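Working notes, structure below.
The values are calculated or read from the model by the stated rules, or taken from the named source; none is laboratory data. Keep in mind the model is a prediction, meaning the values are calculated, not measured. Positions of Cβ are backbone-derived with ideal geometry, glycine not excepted, and every protein chain shown enters the neighbour counts.
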Amino acid sequence: MSDFSVRSDNVDVEQIMRQIRGRIREKRGVDYTEDEIRELANVKLEKFLDPKGVRSELLEEFRRVRESTDTARNFSFEDTTLFASTRPFLRFLRRLLNPILKLFFNPTPLIEALHIQSRLNESYNRSEALSYELMHNLVIELTRTGIEVKNLKMRLESMSSRLDFDERRARALEGVVQYRPGSVPPLHPPTGQPTAQPGQHNELDNEGNERRSRRRRRRGRRRPGEFRTGTTPGAGESASAGDETGGSYDEGADTSTGDFDCGQSADAPSFAEAPHEPGTPKPQSGEGGAVAPKPPSGEGGAVAPKPQSGEGGAVAPKPQSGEGG
Amino acid sequence: MKLAVVVQRYGADINGGAELHARYIAERLSRHAEVEVLTTCAKNYVSWRNDLPTGVEQVNGITVRRFPVAHEREPYEFGRKSVRVFEQVHSVADELRWLDSEGPACPALVRHVEQASRNFDFILIFSYRYYHAWHVARRVPHKAVVVPTAERDPAIGLSIFGPVFRGVRAVMYNSPEECAMIQAASGNDRVPGVVVGVGSDVPDRTEPARFRRKFNIHRPFAVYIGRIDENKGCAELFSHYLRYAASFERGLDLVLIGSAIIDIPAHPKVHHLGFLDDRDKFDALAASDLLIMPSYFESLSMVALEAWALGRPVLANGRCDVLKGQCIRSNAGLYYERYEEFVEALYSLESNGPLNAHLGRNGRAYFKRHYAWPVIERKYLDMFAQLKKEVRPEGGSHAAGSYGAGSSSGGTESGRLKMEPLPNWFARRERRLPAGRDVLERIPYGHVRSGAA
């Protein structure tokens, strides 16, 4: 929320307040002015609210009704009202005789009572009007909330479609990246390479460089049980050594980042255990070179197994399960 | 030089804004002049009941002479008369009745000041809207220097105060906004005036850790200091804060210092500590992240100045022109007008350390520049020196004007300033003056960008 950069001694409170107001506008999304909201509440209420439930012209109608009915006009009663007159002489005379009148009875309680009554009438009238105002304001607030909900729904839809798009894009990018020879230093000197096991392919590429197996990690939507890949052929052995919390299901998990490492942390599910979508043939070893065979013992767990030979220098893109990459 | 300070209440334990202001000024000016305080026996500002003994006493080395209040305020009567003058067309007589009803009605004080005025060079009168201020200013305009402590309320729109502002020797304003408002309401531009405000006895050293230990408050917090009252914007503050606390569970706590007039929400993050002495108050300010000032009407917020003096930023209600103006001029506080702004500004001050520190530093510098005691004292002394040299304007009153109409009147009497006279008996009873609130609405509002303070 707070992202003001404070430079040396130059703090401008008005500038900060402008930033705060700008941010409030951003957060609100479409920022309607009060007038616009009122206009919407009055004119287009039926678009947001159930027109049967609430009337946008509530206040106007109330005023119309009030004007049309013969409501008794309130009176104001002050200490001078009893003695008031339009004729100055009469007024003067009454004032003059006022002390004599007070000899007969005390008008003060009467004046006070009527004054209180007048205030009560006024307060009643005001509160009646206020309750309609309140209802009217509630309608406006409801309209505002309706607009906001609509905005939020739109934003949510837009965000979810963007998320889907980004996901597809990420998978597509993972599929098209190509291996650049020499970008990763060999992990072991070529001379020190153990003899390839029968069935294993040459670990040197055409230029004689050692090729590291590259495992790409895929951040896909996980479904419950997806991590348990031991049932898939070719990955079963690896999976048996991994555990879910360990993150890598490949015994030979290579946590060092290679060219194709998308920067995922090592606890991301290994590419080898990409979930196998039902209906999609699981690539077998040698088919796409993507399913890493278990590394020969002695290599340790740190070195990832190499892709199958016969693929040439480039690593064939791993077909995304179900999506084809 | 001998000065009289006339104020509605006075005492070491009286902490109303204007009263504290008067005490600070009296104590500071006593270093440069002989100061005597003339006040009432009241302690309670609602009833003006005579709680203190009549006579002379010493308060922090200042001679204080107290006079009894003739009658207590009757809230019902006062309310009725307030409605009359603030909301309806009324007469000068109505305004005078309202003034008498508001109190503190203390004719003995007024008589004494009039009789003893020759013993004083100047008479400093605090709080223009009360009985004592109006009557004393009218009796001794040639020596009256008014410290209005005016807020933006309908009282400023009453016609009886215009001649007072136009007829006294000088006006010591609290803020440029107050100055602009009074000048617009009364047309007293020609009366010597200066924006002074008031300093504060901020300790050199505070102990925030002691405060935290004593009150068992260990989380970061924002503090509010003052009367916890709806008129001070506290209801709105609670509403905003509770929403903020629901959104930010780890956000700042709210510490409230002062006596409560309204209910305080029961919330684990809201701590009400009641009225605290100065030491605890300053330690609380030092321990806080910021001060919140939710008041809509202020003539000058002393507690905001104290927060700035201690290097703490202020989050103020932007609907109060004075507070907003001070925040902008000092570059030491943010302001809000609605919840969204409140929460954003509060979060910014809470989470952005450099911003908080910069605003605090600016506040400290602003306080030193405008509200340090030497600055305040100098402004008063300069004004007195200027008034002593001043050739009094011909015709008495500084500016022409009369009740409601603005026409010329006034004159000299034995070389003295003479206040514009009240209308005659009949004219005083003519109900033709506009409601105070209507007059107030016509007075321009808004903060002043530049000014002395």
Exercise for review: Look through B:Arg210, B:Arg190 and report the one residue that is among the charged types (D, E, K, R), in the same structural domain as B:Trp98 (by TED's automatic domain parsing) and over 21 Å from B:Tyr371 (Cα atoms).
Suggested key: B:Arg190
Revision key, fill the gap. Scanning region B:87-126 residue by residue, those within 14 Å of chain A (Cβ to nearest Cβ) and either on the phi > 0 side of the Ramachandran plot or among the hydrophobic types (A, V, I, L, M, F, W, C) (or both) turn out to be B:Val89, B:Ala93, B:Trp98
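Mind telling me which of the residues B:Asp51, B:Asp94 ends up being over 21 Å from the mean Cα position of the chain (by Cα) and free of Cβ contacts under 8 Å to residues at least 24 places away in the same chain?
Numbers: B:Asp94 fails: free of Cβ contacts under 8 Å to residues at least 24 places away in the same chain.
After ruling out the rest, the residue left standing is B:Asp51.
Please go through region B:355-367 and give me each residue that is within 7 Å of chain A (Cβ to nearest Cβ) and more than 24 Å from A:Glu26 (Cα to Cα), ordered by number.
Filtering region B:355-367 for residues within 7 Å of chain A (Cβ to nearest Cβ) gives B:355, B:358-359, B:362.
Once the filter is applied, which keeps residues that are within 7 Å of chain A (Cβ to nearest Cβ) and more than 24 Å from A:Glu26 (Cα to Cα), region B:355-367 yields B:His358, B:Leu359, B:Asn362.
Using the structure shown, decide if B:Glu344 is closer than 19 Å to A:Gly22 by Cβ and within 10 Å of another protein chain (Cβ to nearest Cβ). Explain how you work it out, then say what you get.
On the way: closer than 19 Å to A:Gly22 by Cβ: yes; within 10 Å of another protein chain (Cβ to nearest Cβ): yes.
Judged against the criteria, B:Glu344 is a match.
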Study note, to complete from the structure: Of the residues in region B:346-374, those that are among the aliphatic types (A, V, I, L, M), in contact (Cβ under 8 Å) with a residue 60 or more places away in the chain and within 25 Å of B:Glu249 (Cα to Cα) number 2
**Study point:** Only listed residue being over 19 Å from the mean Cα position of the chain (by Cα) and not hydrophobic (A, V, I, L, M, F, W, C), chosen from B:Gly16, B:Gly61
**Key:** B:Gly61
Study note, to complete from the structure: Given the conditions (1) small (Gly, Ala, Ser); (2) at pLDDT 90 or above; (3) part of a helix (DSSP H, G or I), every one holds for B:Ala245 apart from (2)
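Does any residue of region B:380-388 turn out to be in a helix (DSSP H, G or I) and under 20 Å from B:Leu285 (Cβ atoms)? I'd like the intermediate steps shown before the answer.
Taking region B:380-388 and keeping what is in a helix (DSSP H, G or I), we get B:380-388.
Keeping just the survivors that are under 20 Å from B:Leu285 (Cβ atoms) gives none.
No - not one qualifying residue is present in region B:380-388.
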Point to revise | Residue count for region B:152-203, restricted to those that are among the aliphatic types (A, V, I, L, M), surrounded by 24 or more Cβ atoms within 10 Å (Cβ to Cβ), out of contact with any strand residue (DSSP E or B) (no Cβ under 6 Å at 6 or more places or on another chain) and in a loop (DSSP other than H, G, I, E, B) | key: 1
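Can you list the helices (runs of 4 or more DSSP H) found entirely within region B:47-151 that contain at least 3 residues being in contact with a strand residue (DSSP E or B) (Cβ under 7 Å, 6 or more places away or on another chain) and closer than 28 Å to B:Glu177 by Cα? Lay out the reasoning, then the answer.
On the way: elements: B:75-87, B:92-102, B:107-116, B:131-139.
The qualifying helices (runs of 4 or more DSSP H) are B:131-139.
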Exercise for review: Could you list, in sequence order, all residues of region B:240-260 that are of a type in the set (Ser, Thr, Tyr) and either buried (at least 22 other Cβ atoms within 10 Å of the Cβ) or without any contact (Cβ under 8 Å) to a residue 24 or more places away in the chain (or both)?
Suggested key: B:Tyr241
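Could you tell me which of the residues B:Leu315, B:Leu290, B:Leu300 is over 21 Å from the mean Cα position of the chain (by Cα) and buried (at least 24 other Cβ atoms within 10 Å of the Cβ)? I'd like the intermediate steps shown before the answer.
Details: B:Leu315 fails: over 21 Å from the mean Cα position of the chain (by Cα); B:Leu300 fails: over 21 Å from the mean Cα position of the chain (by Cα).
Just a single option satisfies the conditions, and that option is B:Leu290.
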Check your understanding: Could we say that B:Trp373 is under 30 Å from B:Ala26 (Cβ atoms), surrounded by fewer than 24 Cβ atoms within 10 Å (Cβ to Cβ) and either aromatic (Phe, Trp, Tyr) or within 9 Å of another protein chain (Cβ to nearest Cβ) (or both) here?
Key -> yes
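In contact (Cβ under 8 Å) with a residue 40 or more places away in the chain and either at the interface with chain A (Cβ under 8 Å from one of its Cβ atoms) or touching a Ser or Thr at 6+ places or on another chain (Cβ under 7 Å) (or both): does that describe B:Arg312?
Numbers: in contact (Cβ under 8 Å) with a residue 40 or more places away in the chain: yes; either at the interface with chain A (Cβ under 8 Å from one of its Cβ atoms) or touching a Ser or Thr at 6+ places or on another chain (Cβ under 7 Å) (or both): yes.
In short, yes.
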Point to revise | Candidate set from region B:329-341 (those that are within 7 Å of chain A (Cβ to nearest Cβ) and closer than 16 Å to A:Glu26 by Cα); member that is farthest from the chain's Cα centre (by Cα) | key: B:Glu340
